[in-house]
Amino acid sequence: MKSGGFITVEGIEGAGKSTAIARIRQWLKGKGHDVVVTREPGGTPLGEEIRSLLLAHRQGGMAPETEALLMFAARAEHLRTLIEPALATGQWVVCDRFSDASSAYQGAGRQLGMDQIKVLAQWTHPGLEPDLTLWLDVPVELGLRRANGRSRPDRFESEKAVFFEAVRQGYAQLTAEAPQRIRRIDASADLATVTAGIEAVLERHFND
Ligand code: TMP
């Protein structure tokens, strides 16, 4: 029955996801599709509450397992109440991060193991994978430089470069494992080049 599509956008901080998502939305609208843009963690009232718990600084930090499970708690709510119903009615869902972020950040960054995270993904959304994932890849130093100077850094943004290097390696590994689904975009280029790259991927992927 599904006629819509599910696109996710990934990358470390400062990769330019917001601009990319705006362009993807515009491209889909141009094709006459109904588009829902959403984000993780969050996207639902309960999910946004969980997001606040995850991003807030707290004395003693948070156990990596707690962090992973809260990501998936927010994701389950998001899937059941927003993503799955939208896809079932033929809408297109564009999501700022999804389970690949958990593999990269909790699996690789927090060293829980990407295979362990995939078990949670398999349990939370059996049979559902994004149709296309754009990985906006930037060198860590450039990403952090771009992200700095936004608002006060949250709990993740306060991590050191070595954490984001591991996250970036995680994304590289995921891309190597699923080259048909995950497309790497060199997001260190200028805006026009990045936008052209995104459009080329969309055209190739959905206009065969
Ligand atoms: P955002 O900055 O893209 O809004 O995402 C908030 C933070 O949450 C970001 O630093 C990445 C992190 N995150 C994870 O660690 N695991 C996840 O599964 C998701 C969805 C986000």
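Brief remarks follow.
Residues are listed down the side, and each one gets a yes or a no for (1) under 15 Å from the mean Cα position of the chain (by Cα); (2) hydrophobic (A, V, I, L, M, F, W, C):
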position	(1), (2)
S102	yes, no
I117	yes, yes
T124	no, no
D137	yes, no
R150	no, no
P153	no, no
A166	no, yes
R184	yes, no
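- Taken across the stretch 73-82, residues that are open to solvent by 20 Å² or more (accessible area, probe 1.4 Å), out of contact with any strand residue (DSSP E or B) (no Cβ under 7 Å at 6 or more places or on another chain) and within 30 Å of V162 (Cβ to Cβ) do occur, with at least one present.
- Of all residues in the stretch 93-122 being without any contact (Cβ under 8 Å) to a residue 60 or more places away in the chain and not in a helix (DSSP H, G or I), the one that is nearest to the ligand (Cβ to nearest atom): R110
- For T124, the conditions (1) open to solvent by less than 30 Å² (accessible area, probe 1.4 Å); (2) of a type in the set (S, T, N, Q); (3) touching an Asp or Glu at 6+ places or on another chain (Cβ under 8 Å) all hold with the exception of (3).
- Hits in the stretch 131-156 (condition: open to solvent by 60 Å² or more (accessible area, probe 1.4 Å) and either small (G, A, S) or in contact with a Lys or Arg (Cβ under 8 Å, 6 or more places away or on another chain) (or both)): G149, S151
- Matching residues, the stretch 1-57, being touching a strand residue (DSSP E or B) at 6+ places or on another chain (Cβ under 9 Å), open to solvent by 30 Å² or more (accessible area, probe 1.4 Å), assigned to a loop (DSSP other than H, G, I, E, B) and under 24 Å from E77 (Cα atoms): D34
- Any chance T195 is over 17 Å from the mean Cα position of the chain (by Cα), surrounded by 16 or more Cβ atoms within 10 Å (Cβ to Cβ) and hydroxyl-bearing (S, T, Y): yes
The values are calculated or read from the model by the stated rules, or taken from the named source; none is laboratory data. For clarity, every value in this text was computed on a predicted model and none was experimentally measured. Note that each Cβ is placed from the backbone with ideal geometry, even for glycine, and that neighbours are counted across all protein chains shown. These area figures cover heavy atoms from the full protein model, side chains too; ligands, DNA and RNA do not enter into them. Shrake-Rupley method; radii C 1.70, N 1.55, O 1.52, S 1.80 Å.
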